[in-house]
């Protein structure tokens with residue numbers, strides 16, 4: 001072998017090595033299908049050709065393969081690329097590049113390079129499968145899907161559901177623009193949403209879908225921007241939210257009812273809290289009253305005993321009047337303590353049938369006696385006696401009337417004035433209005449006059465109206481105090497005609 | 001006619017009141033022992049063996065009810081009649097509690113000194129019969 005031949009052989013070896021590594025097979029075949037050359041990789045798998053024709057050697061066939069690449073390549077003298085499957089290797093797919101060439105003797109041969117494309121084939125298969133899957137997803141989706149050109153807004157595709165829902169055929173859809181899918185009144189708003197979706201600003205737009213026969217369907221449109229071959233498309237998934245809306249309505253209605261219930265409960269809670277606070281205040285007051293009573297009564301007892309001792313030890317008529325004064329003042333102090341205790345221990349009313357008119361007359365007469373030197377014109381407009389009988393605690397009501405009347409009398413600084421007492425029947429309530437033209441109550445004091453221990457008088461500890469208010473509350477009634485024009489005070493008492501048991505009230509509020 | 005020499009034990013945390021009450025009772029012919037500490041009552045009763053105890057119900061360390069209950073539960077002191085003195089409690093309201101503690105009568109402060117003597121005589125007189 002010449003040097004040149006040596007070099008060629010080495011070169012071939014190197015080429016074969018490289019081809020072997022890159023898994024590319026190579027062979028040279030003449031026009032009569034004889035195998036002129038075959039690389040070692042083929043030989044390793046298929047054995048020596050030993051004069052076999054190529055169709056026999058590679059494919060195990062007895063005749064030339066149909067569509068034989070070699071025949072075609074030799075005829076056209078052009079490189080041919082084809083795909084074959086190797087039957088002997090379980091249909092392994094290969095890509096064959098058939099290159100016709102003339103050898104040094106002028107004979108036409110073909111060189112074939114064979115590349116394994118099984119992996120590419122598998123990928124292609126997978127791709128096709130997934131494409132089918134997606135096509136199915138698109139076509140069989142339970143939501144109507146439209147695809148529109150983002151620029152021209154022309155519809156380019158839609159799925160089955162879209163056709164069913166709208167009633168349009170595919171051709172009709174393809175001739176439409178996205179605007180035509182929505183009712184006229186909301187098309188502008190929806191198309192603004194379309195623009196925003198194309199820009200990627202928002203994802204979901206609530207709108208309506210106009211069907212072929214003019215029905216409107218509530219939909220929420222979620223969109224995705226698609227870029228296919230340089231063009232931008234918007235894929236819109238239209239979800240029917242009619243049912244959803246219905247539920248939403250029901251839900252919102254339920255919510256409202258619930259909110260109302262909650263609000264009512266909160267109000268009730270607040271009322272309870274207020275009552276509780278009041279009770280706390282009262283129990284605090286009760287405690288205070290008890291403490292004050294004890295703390296004051298012990299020194300009073302000491303004073304009384306001491307006075308007794310003084311009187312015993314020095315029988316002096318000169319100190320008699322002083323001893324009397326002390327005795328009187330101790331008694332007066334004890335009376336204040338009694339009032340305080342009375343307020344703090346006000347008991348539930350002892351209900352009886354009471355003639356309010358008679359009770360008022362009695363109290364007015366009593367007050368006139370007490371304030372003998374006063375010149376007060378009392379004007380009474382009372383109801384007939386058969387209409388003013390109510391269920392109440394007469395002693396407690398008397399206490400209220402006396403307190404209100406006494407306040408009125410004391411408001412006449414010049415010891416003269418006018419006092420009117422009016423009664424009105426209001427359904428299940430009785431309204432009694434006392435109006436005087438005395439000195440009245442300062443504006444800033446109006447809200448405080450019913451507070452215990454609030455007083456502007458020099459005498460008393462400010463429990464009168466507090467007791468009145470409490471008595472009325474115990475009767476489930478109300479006491480309102482206001483300023484009269486041009487001067488004076490209006491006191492309004494509202495009393496239920498019948499005894500209202502506490503339990504009944506609770507039940508009523510529950511029924512509400 | 002008052003029995004002279006009757007022994008009275010007075011119990012109250014107000015010392016001025018105690019002093020005046022003692023004076024008043026001595027003026028009326030009684031023999032008086034005073035205690036201002038409620039804890040010392042039972043011991044004092046055992047030593048002095050009074051005919052009547054005038055007991056304040058509201059005291060800082062132990063309440064009069066507790067004192068009365070202790071007296072009742074002790075054999076030596078259980079027979080001594082107790083008259084309660086109080087500024088707040090009334091017999092009507094606490095009838096059960098007073099009965100439970102063996103309190104026979106209750107005086108409401110500020111009482112008239114003559115009422116105290118009347119109560120004492122009422123109880124001691126009954127006891128003698």
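Across the stretch A:382-394, the number of residues qualifying as out of contact with any helix residue (DSSP H, G or I) (no Cβ under 6 Å at 6 or more places or on another chain) and more than 16 Å from residue A:493 (Cα to Cα) comes to 3. Could you look through the stretch A:485-498, keep only residues that are part of a loop (DSSP other than H, G, I, E, B) and surrounded by 16 or more Cβ atoms within 10 Å (Cβ to Cβ), and pick out the one that is modelled with the lowest pLDDT? Of everything passing the filter in the stretch A:485-498, A:497 is modelled with the lowest pLDDT. Residues that are in contact with a helix residue (DSSP H, G or I) (Cβ under 8 Å, 6 or more places away or on another chain) and either over 23 Å from residue A:465 (Cβ atoms) or not assigned by TED's automatic domain parsing to the domain that holds residue A:421 (or both) do not occur anywhere in the stretch A:364-381.
For residue A:468, the conditions (1) more than 19 Å from residue A:349 (Cα to Cα); (2) part of a helix (DSSP H, G or I) all hold with the exception of (1).
Among the residues of the stretch B:3-24, just one is more than 19 Å from residue B:61 (Cβ to Cβ), without any contact (Cβ under 8 Å) to a residue 24 or more places away in the chain and more than 9 Å from chain A (Cβ to nearest Cβ), namely B:22.
Do the conditions hold for residue A:144, that is, is it touching a helix residue (DSSP H, G or I) at 6+ places or on another chain (Cβ under 6 Å), more than 16 Å from residue A:240 (Cβ to Cβ) and surrounded by 15 or more Cβ atoms within 10 Å (Cβ to Cβ)? No, not satisfied.
Let's see how each residue does on (1) surrounded by 18 or more Cβ atoms within 10 Å (Cβ to Cβ); (2) farther than 24 Å from residue A:296 by Cβ; (3) within 11 Å of another protein chain (Cβ to nearest Cβ); (4) without any contact (Cβ under 8 Å) to a residue 60 or more places away in the chain:
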residue	(1), (2), (3), (4)
B:26	no, yes, yes, yes
B:30	yes, yes, no, no
B:39	no, yes, no, yes
B:57	yes, no, yes, yes
B:79	no, yes, no, yes
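When you look at residue A:323, is it over 60 Å from the mean Cα position of the chain (by Cα) and under 30 Å from residue B:110 (Cα atoms), yes or no? Against the criterion (over 60 Å from the mean Cα position of the chain (by Cα) and under 30 Å from residue B:110 (Cα atoms)), residue A:323 qualifies.
Within the stretch B:81-101, restricting attention to residues that are at pLDDT 85 or above and within 14 Å of chain A (Cβ to nearest Cβ), the residue that is surrounded by the most Cβ atoms within 10 Å (Cβ to Cβ) is B:85. Just one residue in the set A:237, A:187 is buried (at least 16 other Cβ atoms within 10 Å of the Cβ) and over 23 Å from residue A:139 (Cβ atoms); that residue is A:187. Taking the stretch B:1-74 as the region of interest, the strands (runs of 3 or more DSSP E) fully inside it that hold 1 or more residues being modelled with pLDDT under 90 and touching a strand residue (DSSP E or B) at 6+ places or on another chain (Cβ under 7 Å) are B:52-56.
Taken over the stretch A:98-110, residues that are out of contact with any helix residue (DSSP H, G or I) (no Cβ under 6 Å at 6 or more places or on another chain) and either more than 21 Å from residue A:61 (Cβ to Cβ) or exposed (fewer than 13 other Cβ atoms within 10 Å of the Cβ) (or both) amount to 8.
The values are calculated or read from the model by the stated rules, or taken from the named source; none is laboratory data. If you're wondering where the values come from, they're calculated on a predicted model, not measured in any experiment. FYI the Cβ positions are ideal-geometry reconstructions off the backbone, even for glycines, and counts take in every protein chain you see.
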